[in-house]
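Okay, structure first, notes after.
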Amino acid sequence: MKSMTPVFPARWWAPQGDGRIVCRLCPRECQLREGQRGFCFVRRNTGGALDLTTYGRSSGFCVDPIEKKPLNHFLPGSRVLSFGTAGCNLGCRFCQNWDISKARDFDRLADAATPEQIAAAAQRHGCRSVAFTYNDPVVFAEYAIDVAQACRAVGVRTVAVTAGYMSAEPRAEFYAHMDAANVDLKGFTEEFYRRQCSGSLAPVLETLVYLKRETAVWFEVTTLLIPGENDSDAELERASDWFAAHLGPDVPWHFTAFHPDYKLLDRPPTPPATLQRARTIAWAKGIHYVYTGNVHDRTGGSTWCPQCGGCLIERDWFEIGRWRLRDGVCAACGFPVAGVFAGEPERGGAGRVLVRLAGDA
Ligand code: SF4
């Protein structure tokens, strides 16, 4: 596709009365003069109205195992059609997808697709769901909502992989269309969010509480542990106390391994022992489903029965092994396991398959 910035009318903005407009999609509330783009780079003041420059354009489509999002309690073993666009409303110095999230060259957006084409492609490739991932769907919320509506019309579910940095009004509308989410909780201090992400912790906690109290969206939480930054016992204890008190025991929590990337190159990769320590701390607070990720760890990757201690779903990275769930309950003791389960796992395989949509009917 040739370089271009198509105009799609964006939502959640208001005129300021001084020639500027304010975008109210996320807590940044960017105030934009004519021609100016927001922090996320993909929303722009064009002629006194906000437009979204990435509607209908993707950085590419892949079929992934749902465990890769990561979601361990949402249709385990199923395949998910995954895509992203460009841009992000946070500025994480450790971004593990920075070539997409910080893209300024829209030639990267090679695959164009309508919402209906994406829903049809998911069906054609045997995917139970479509994931908005690789970059944060907050910045392409209008497109994500349209895709979610097209998917629901044909019985395909949708998954948002997000940092949860979104304002209240668009958040309610966005999640009314989503079936599942994985929300990053990147650290547990305002100082970490400000220094490492150019953002703020409080709106993320609001999104998590909103999802728990106000919606039926199935969601799991991911924390990337960075040595020396957000992995102290004290921070993990405080985060676990908050998690248990506000989200309860049944929301799964994934502790994943960092590798040096983007602007944070002076930290070592996360040792597996750090992930296991975090898992132990969270578990001791009564959180039932705590996982390690981005490492080979059968114990930390598997789902264990909170009542009898048996292994319910065995995993090695994204590969599913033994399965001891029957209709969502432990086959040994009958404990009901939180999540969205539909019979036996599909065992769609742990690999990733690239998919081209451009030109599809
Ligand atoms: S979505 Fe983009 S333009 Fe809107 S407030 Fe957030 S960073 Fe600014």
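If you go through region 77-92 one residue at a time, how many are buried (at least 24 other Cβ atoms within 10 Å of the Cβ) and assigned to a loop (DSSP other than H, G, I, E, B)?
8
Of all the residues that make up region 248-285, how many are closer than 21 Å to V337 by Cβ and under 22 Å from the mean Cα position of the chain (by Cα)?
Looking only at that region, the number is 10.
Return the residues of region 133-164 that are among the polar types (S, T, N, Q) and outside any loop (DSSP other than H, G, I, E, B); say none if nothing qualifies.
Hits for region 133-164 are Q149, T158, T162.
What pairs can you find where one residue is in region 10-24 and closer than 21 Å to V138 by Cβ, the other is hydroxyl-bearing (S, T, Y) and within 13 Å of the ligand (Cβ to nearest atom), and their Cβ atoms are less than 8 Å apart, with a gap of 6+ or different chains?
As it stands, the answer is W12/S167; R24/S167, since those pairs meet every condition given.
On the given criteria, is S302 more than 23 Å from A163 (Cβ to Cβ) and under 21 Å from the mean Cα position of the chain (by Cα)?
Against the criterion (more than 23 Å from A163 (Cβ to Cβ) and under 21 Å from the mean Cα position of the chain (by Cα)), S302 qualifies.
Name the residue that is most open to solvent (accessible area, probe 1.4 Å), counting only residues in region 307-328 that are assigned to a loop (DSSP other than H, G, I, E, B) and among the aromatic types (F, W, Y).
In this case the residue turns out to be W317.
Having 1 or more residues that are charged (D, E, K, R) and crowded, with 22+ Cβ neighbours inside 10 Å is the bar; report the helices (runs of 4 or more DSSP H) wholly within region 165-254 that clear it.
168-176
Kindly indicate the residue of region 255-277 that is buried (at least 21 other Cβ atoms within 10 Å of the Cβ) and modelled with pLDDT of 95 or more and also nearest to V204 (Cα to Cα) among those meeting that condition.
Applying the filter and picking the extreme gives F255.
Is one or more of the residues making up region 55-66 crowded, with 21+ Cβ neighbours inside 10 Å, free of Cβ contacts under 8 Å to residues at least 60 places away in the same chain and near the ligand (Cβ under 8 Å from one of its atoms)?
No - not one qualifying residue is present in region 55-66.
So which residues in region 123-163 are within 16 Å of the ligand (Cβ to nearest atom) and either closer than 15 Å to V217 by Cβ or modelled with pLDDT under 95 (or both)?
Result: F132, N135, P137, V138, A141, A144, I145, A160, T162.
The values are calculated or read from the model by the stated rules, or taken from the named source; none is laboratory data. Only a predicted model underlies this, so the values are computations on that prediction, with no experimental measurement involved. FYI the Cβ positions are ideal-geometry reconstructions off the backbone, even for glycines, and counts take in every protein chain you see. Surface areas here come from the heavy atoms of the whole protein model, side chains and all, with no ligands, DNA or RNA. Shrake-Rupley method; radii C 1.70, N 1.55, O 1.52, S 1.80 Å.
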